[in-house]
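Data first, discussion second: the structure below is written as structure tokens.
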Amino acid sequence: MSFKVKKFIEPDFNQDFLINAPNCKWEECPADGVSPRNYHAMSIYPEYFKIDGNWVLAVESRMDTVAVIKSSTQVEIVEFRNLKKGDRVILGRTENGEEGIYMYTSGFKTASGNSDTFAFRTGRSRETAFSKDYDELYEIMKYVKSVGEKITWVIGPSLVTDSEAKAAFASLIKKGYVDAVLAGDSFAAIDMTLDKFDPESPRSFEAQKYDLISEIREAGSIKNAVKKGIVKPGGIMHTLVTYNKDFVLAGSIRDPYTLPDTVDNVYEAQNKMRVHTRKTGMLICLSTVLHTIASGNMTPSYNEFDGEIRPVFIYSIDLQEFSVNKLSDRGTLEVKTMVTNIQDFVNHINNNL
């Protein structure tokens, strides 16, 4: 295999400023969900904390979180709302070692050894040639699959409106390049309705959609509906269930009628999505701005896999330049963007894997 993952190079801890740095300060949470003053907010970059004289790397670092000391060799990254009374939250607003906190941005060197992989992808537009990006993407997906890391997809409902793209994505599931799908429940409802839609019926597509939702609700779950033949073969949801792949369907304030699998509490949906984003080796986002931003902010740019620190590969695909740039604008730097329609994108991927 031609693709080789960039090796993580630890800082030189023999440097004077790291040797002489104090242990980081911490303070206990006064109550559940209440952070101490002067808490240290995490970034997507690798960060080390000096605890009892040891520099400890925080794995699973992601946006909008704080670091909690679990032991002299471990820190846990926790969302503010998930803090518990008594948690030892690390304090400090500097990142150069003077408060026992060190942000390290040179961990993944390129082949030339003079720059790291953390960089904005600027100037991406419809006119950008993406042939090299596709070639690299194929190799990365093969690599991630080969080492047993997960590939998580974040998908908007427009994907399922094209029958060829639907079939291509179902094929990717069967080939093992899809481990989890994060989406809104409209994605699932439209996907399953299209597989059962009767154009000769006097009832409209919307009416038939709600008929199907009622049948699935009566069955108790999408999985049960697949077993009972209510959900027909060929679609993405049917294939996910058949191949025992995970999915999280988040509800919307606009939903008029939800599926039984819909997670209609935003915090619960976030928790279920984070189960996958925290451990994934690759995140591919297809034409869904809000889900993309949310998932990107919950995904570390690096993680520990089998005892080794490796980068997490994040892709954002959309026909609108505005949409693909939003993820970078929100602070998720380690992301590649491709401005193209997602139906063509999925077909290209399937045809070359």
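Summary table below
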item	result
Only one of Asp264, Asp255, Asp246, Asp211 that is within 30 Å of Glu149 (Cβ to Cβ) and among the acidic types (Asp, Glu)	Asp246
Those residues of the range 54-70 which are part of a strand (DSSP E or B) and either open to solvent by 40 Å² or more (accessible area, probe 1.4 Å) or modelled with pLDDT of 95 or more (or both), in sequence order	Asn54, Trp55, Val56, Leu57, Val66, Ala67, Val68, Ile69, Lys70
Residue within the range 324-334 that is part of a helix (DSSP H, G or I), modelled with pLDDT of 90 or more and surrounded by 20 or more Cβ atoms within 10 Å (Cβ to Cβ) present	no
Some residue of the range 122-134 being in contact with an Asp or Glu (Cβ under 8 Å, 6 or more places away or on another chain) and modelled with pLDDT of 95 or more	no
Qualifying residue in the range 290-303 (condition: outside any helix (DSSP H, G or I), in contact (Cβ under 8 Å) with a residue 24 or more places away in the chain and either within 22 Å of Asp211 (Cα to Cα) or open to solvent by 20 Å² or more (accessible area, probe 1.4 Å) (or both))	no
Matching residues in the range 74-96 - criterion: being at pLDDT 95 or above, assigned to a loop (DSSP other than H, G, I, E, B) and either open to solvent by 40 Å² or more (accessible area, probe 1.4 Å) or on the phi > 0 side of the Ramachandran plot (or both)	Lys84, Lys85, Gly86, Gly92
Of all residues making up the range 4-31, the number that are surrounded by 11 or more Cβ atoms within 10 Å (Cβ to Cβ) and closer than 30 Å to Asp135 by Cβ	5
Hits in the range 32-50 (condition: farther than 12 Å from Val89 by Cα and assigned to a strand (DSSP E or B))	Glu47, Tyr48, Lys50
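Per-residue answers, yes or no, for (1) open to solvent by 30 Å² or more (accessible area, probe 1.4 Å); (2) not in a loop (DSSP other than H, G, I, E, B):
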{"site": "Val160", "(1), (2)": "no, yes"}
{"site": "Glu164", "(1), (2)": "yes, yes"}
{"site": "Ala168", "(1), (2)": "no, yes"}
{"site": "Lys174", "(1), (2)": "yes, yes"}
{"site": "Ser186", "(1), (2)": "yes, yes"}
{"site": "Asp191", "(1), (2)": "no, yes"}
{"site": "Leu194", "(1), (2)": "yes, yes"}
{"site": "Pro199", "(1), (2)": "yes, no"}
{"site": "Pro202", "(1), (2)": "yes, no"}
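Residue-by-condition table, conditions (1) β-branched (Val, Ile, Thr); (2) under 30 Å from Ile140 (Cβ atoms); (3) more than 29 Å from the chain's Cα centre (by Cα):
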| site | (1), (2), (3) |
| --- | --- |
| Lys6 | no, yes, no |
| Leu18 | no, no, yes |
| Cys24 | no, no, yes |
| Glu28 | no, no, yes |
| Val89 | yes, no, no |
| Tyr104 | no, yes, no |
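The values are calculated or read from the model by the stated rules, or taken from the named source; none is laboratory data. Note that the coordinates shown come from a computational prediction; the quantities given were computed from them, not determined experimentally. Counting neighbours? That spans all protein chains shown, and the Cβs are built from the backbone with ideal geometry, glycine included. Areas reflect the complete protein model, heavy atoms only, side chains present, ligands, DNA and RNA absent. Shrake-Rupley method; radii C 1.70, N 1.55, O 1.52, S 1.80 Å.
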